[in-house]
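A.B. asks: Dumping the structure here so I can ask a few things about it.
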Amino acid sequence: MAFVSVSGVTKRFGTHVGVDDVSFTLDAGETVVLFGANGAGKTTLIRMLASLSRPTEGEIEIEGEPLVGGNAAVRSRLGVVAHETMLYEELTARENLRLHARLHDVDATVCDGLLETVGLADRGGERVSGFSHGMSKRVSLARALVHDPDLLLFDEPYTGLDQTSLKRVAAVLEDLEDRTVLAATHDLERGYRLADRALFMNDGRLVGDLETTAFEGASDVLEEYERRCTGGEPRAVTSATAVPTRSTAVGTGTESSGGPGDDGGPNDG
Amino acid sequence: MIGDYLRVVYTIARKDLLVESRSKQTTNAAFVFALLIIVVFSFVFGEEVGSRDVLARGALWLAVVFGGAVGMSHAVALEGKNEAIAGLLLAPVDRSAIYLGKVASSTVFITGIGLLSLGFVVVFLDYAFDMATLTTVLLVVPLAALGFSAVGVLLSILMLHSQLQESLLPVLLVPLVIPTILSGTALTAPGLSEGMTSAWFRILVTYDLLVLLAGWMTFEYIVEE
């Protein structure tokens, strides 16, 4: 059984379709990166997987358990790092982590270890309002790991980070080998290095699902990205031909109609 | 089970009050607003109003209602900042406990505004509450604050991402809490008969329970996109 199963998921905002009939599966321990232009529907998809948004159609399951808002037990298996840090600026970094530890019914002693992991052990007593974006993002990463989740969802984990934060976040992400990870990113180089598999989205649709072993380097990913996600034709190597594929429910990209920049939803980036 | 639920309610309420004690953003906005209402009342009416009771009650409840609305608007804006509320919603807890926690902190806050407004009324309107009225006021203000918060938290969360939140909230909130305002003003009137006092209390408590139940049942659906 797949660890995560996404079947025919669609999200509509009025007449606009943010995510259109997306299906894929994630195996336990797999790291999958979601590529797509701004407005492709990545954030909307991540928010549905995080149970923050209800699909208009389709189902999401984690080990066969449906992920609907009321299923608190399934939520305990999720860790989410989104665009926004989800932190209270008036609280210190440690207080923010302890708040989430209490809500997850986890011993608060893990918080200091996590602050150490993200390189903020000596700043834990400071309010988040005084932190840079990169530092806040690192606290947000620690927040997502407080309860040791099985499934980690990252939405643009590298965006807006300085070099120090970038290295820290990248190192933490690379250490998550035993977890199942789905990360949406524009950083093709880092995404390629991190991933076992790459999903490509365009105009709300999943237009490619490829093993990263199919690429010789990040430049190949860029080429694929441009072809699949910016309206061009996909190259000959597709999930249906030479490249090993994981999902059978993914289009080849030829049905993709939109160009870049279409709005995938109100929160999409 | 109930212990876990109450632990979440307490955690959320404590967090809200801690955040507010640090930022003082809501406190400043609401308390200054309440103070201004009462000071303006004292300037406008001065000694000319026949009944000081009416003046004092009017000023008190205006301050509570509009001070509370301003306070609630700011309090929920804090949840919108950095999308902090999403972090709460990701927790594996019954989401209605998050609602009750926010209602609890808001009730404490609005009760605080009410008590401070009471002091402002005494000082600026030179009005002395008799002991019986004062006792009733101290009982009625938290009950009114509870009903006010139960509706206010729901509305504020609904309008979290609306650019018109600050102006829309009082417009939508005040009509919905009319039973609270009517009960509050009636119960703080001097010389109310025992029968009427009991009837107004029943209305206030019933209204509180109904809106609390409605919020408790619907919060899950309101917060999910």
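A.B. asks: Please order A:9, B:171 by the number of other Cβ within 10 Å, starting at the fewest.
C.D. replies: B:171, A:9
A.B. asks: Can you pull the Rg over Rh of the protein assembly as shown, Cα-only, Kirkwood?
C.D. replies: Details: Rg = 26.5 Å, Rh = 24.7 Å.
So for the protein assembly as shown, dividing Rg by the Kirkwood Rh gives 1.07.
A.B. asks: Next question, about the same structure. Could you tell me which of B:110, B:54, B:121 has its Cα farthest along the dipole of region B:2-223 towards the positive end, charges placed at Cβ (Lys, Arg +1; Asp, Glu -1), taken about the Cα centre?
C.D. replies: Towards the positive end, the residue furthest out is B:110.
A.B. asks: Now for a separate question. Mind listing which GluC sites (Glu not before Pro) in region A:1-99 are in a DSSP loop and have 16 or fewer other Cβ atoms within 10 Å?
C.D. replies: Values: sites: A:30, A:57, A:59, A:61, A:63, A:84, A:89, A:90, A:95; in loops: A:30, A:63, A:84, A:89, A:90.
Those satisfying the criteria are A:63.
A.B. asks: Rounded to the nearest Å, what's the spacing between the alpha carbon centres of region B:141-197 and region A:72-113? Just the number, please.
C.D. replies: Between the Cα centre of region B:141-197 and that of region A:72-113, the gap is 33 Å.
A.B. asks: Additional query: If you take each beta carbon of peptide A:103-112 and count the beta carbons of other chains within 10 angstrom, what is the mean?
C.D. replies: Numbers: counts 13, 4, 6, 0, 0, 0, 0, 0, 0, 0.
Across A:103-112, the average partner-chain Cβ count within 10 Å equals 2.
A.B. asks: In whole percent, what relative contact order does region B:1-96 give with Cα contacts below 8 Å and a gap of six or more residues? Display every interim value, and only then the final one.
C.D. replies: Numbers: 44 pairs, mean separation 34.4, N = 96.
Averaging sequence separation for qualifying contacts and normalising by length gives 36 percent for region B:1-96.
A.B. asks: So which GluC sites (Glu not before Pro) in region B:13-95 are both in a DSSP loop and have at most 12 other Cβ atoms within 10 Å of their Cβ? Mind dumping the intermediate values first?
C.D. replies: Details: sites: B:20, B:47, B:48, B:79, B:83; in loops: B:47, B:48.
Passing sites in region B:13-95 are B:47, B:48.
A.B. asks: Check which residues have an amide H placed less than 5 Å from residue A:21's amide H, if you skip close sequence neighbours.
C.D. replies: Sorted by chain and number, the residues that satisfy this are A:10, A:11.
A.B. asks: Based only on other Cβ atoms within 10 Å, what is the fewest-to-most ordering of A:133, A:186?
C.D. replies: On the way: A:133 13, A:186 16.
Least crowded to most crowded, the residues run A:133, A:186.
A.B. asks: Sticking with this one: Can you tell me the length gained on complete extension of the stretch residue B:214 to residue B:178, counting 0.36 nm per residue apart and subtracting the Cα distance? Kindly include the intermediate steps, with their values, before the conclusion.
C.D. replies: Details: separation 36, 0.36 × 36 = 12.96 nm, distance 1.66 nm.
My answer for the length gained is 11.3 nm.
A.B. asks: Over all directions, average the projected area of the Cα convex hull of region B:2-223 and note it in nm².
C.D. replies: Numbers: hull surface 50.4 nm².
Across all orientations, region B:2-223 yields a mean hull projection of 12.6 nm².
A.B. asks: Tabulate in residue order the Karplus-calculated ³J(HN,Hα) for region B:182-199, using 6.51 cos²θ - 1.76 cosθ + 1.60 with θ = phi - 60°, rounded to whole Hz; enter x for Gly and Pro.
C.D. replies: Once rounded to whole Hz, the list reads 4, 5, x, 5, 5, 5, 8, 6, x, x, 6, 5, 4, x, 5, 4, 4, 5.
A.B. asks: For the protein assembly as shown, with only Lys/Arg (+1) and Asp/Glu (-1) charged at the beta-carbon, what is the dipole magnitude about the Cα centre, in debye rounded to 20? Provide the component values of the computation, followed by the final result.
C.D. replies: Details: 37 positive and 61 negative charges, 273 e Å.
Value, rounded to 20: 1320 debye.
A.B. asks: Over the whole of B:12-24, what's the average partner chain Cβ count within 10 Å per residue? Rounded to a whole number, please. Don't skip to the answer; put the middle values down first.
C.D. replies: Values: counts 3, 0, 2, 9, 1, 0, 5, 6, 1, 1, 8, 5, 1.
Average per residue, whole number: 3.
A.B. asks: A further question follows. Size of the dipole of region B:2-223 about the Cα centre, Lys and Arg at +1 and Asp and Glu at -1 on the beta carbon, nothing else charged, in debye to 20? List each step's numbers first, then the result.
C.D. replies: On the way: 11 positive and 15 negative charges, 88 e Å.
Computed charge dipole of region B:2-223: roughly 420 debye.
A.B. asks: Could you give the nm distance between label points at residue B:124 and residue A:222, where each point is 7 Å from its Cα heading toward the beta carbon?
C.D. replies: So the label points at residue B:124 and residue A:222 sit 6.4 nm apart.
A.B. asks: Right, next: Run down the lysines and flag those whose C-alpha is under 21 Å from the C-alpha of residue A:11, throwing out any fewer than 8 positions away in its chain.
C.D. replies: In chain and number order, the partners are A:42.
A.B. asks: Quick one: Karplus J couplings for region A:145-150, per residue in order, coefficients 6.51, -1.76, 1.60, θ = phi - 60°, nearest Hz, x for Gly and Pro?
C.D. replies: With the stated coefficients, region A:145-150 comes to 9, 3, 9, 6, x, 7 Hz.
A.B. asks: Restricting to DSSP H runs of at least four residues, report the calculated mean residue ellipticity at 222 nm for the protein assembly as shown, -39500 (n - 2.57) per run over all residues, nearest 500 deg cm²/dmol.
C.D. replies: Numbers: 17 runs with 263 residues, N = 494.
When only DSSP H runs of four or more count, the value is -17500 deg cm²/dmol.
A.B. asks: Right, something else. Pull up the cross-link candidates among the lysines for residue B:15, meaning alpha carbon to alpha carbon under 26 Å and not fewer than 8 places away within one chain.
C.D. replies: A:137, B:24, B:81, B:102
A.B. asks: Got the relative contact order for region B:2-223 handy, in percent, Cα pairs under 8 Å and 6 or more residues apart?
C.D. replies: 27
A.B. asks: So what is the relative contact order of region A:149-206, in percent, for Cα pairs below 8 Å that sit 6 or more residues apart? Working shown, then result.
C.D. replies: Values: 43 pairs, mean separation 23.9, N = 58.
RCO, region A:149-206: 41 percent.
A.B. asks: Could you pull out every residue, at least 5 positions away or on a different chain, whose amide H is within less than 5 Å of the one on residue A:31? Hs are placed 1.01 Å off N in the peptide plane, and Pro or chain starts have none.
C.D. replies: Answer set, sorted by chain and number: A:181, A:196, A:197.
A.B. asks: Tell me, in nm to one decimal, what length is gained between residue A:213 and residue A:230 on full extension, where the rule is 0.36 nm per residue of separation less the Cα-Cα distance?
C.D. replies: Additional length available on full extension: 3.9 nm.
A.B. asks: In debye, nearest 20: dipole of region B:70-153 around its Cα centre with unit charges on the Cβ of K, R (+) and D, E (-)?
C.D. replies: For this selection, approximately 200 debye.
A.B. asks: Average partner chain C-beta neighbours within 10 Å, per residue of A:88-96?
C.D. replies: 5
Throughout, read-outs are computed from the coordinates displayed, never taken from laboratory work. It should be emphasised that the depicted structure is a prediction, and the values quoted were computed from it without experimental measurement. As a convention, Cβ positions derive from the backbone with ideal geometry for all residues, glycine included, and neighbour counts pool all protein chains shown.
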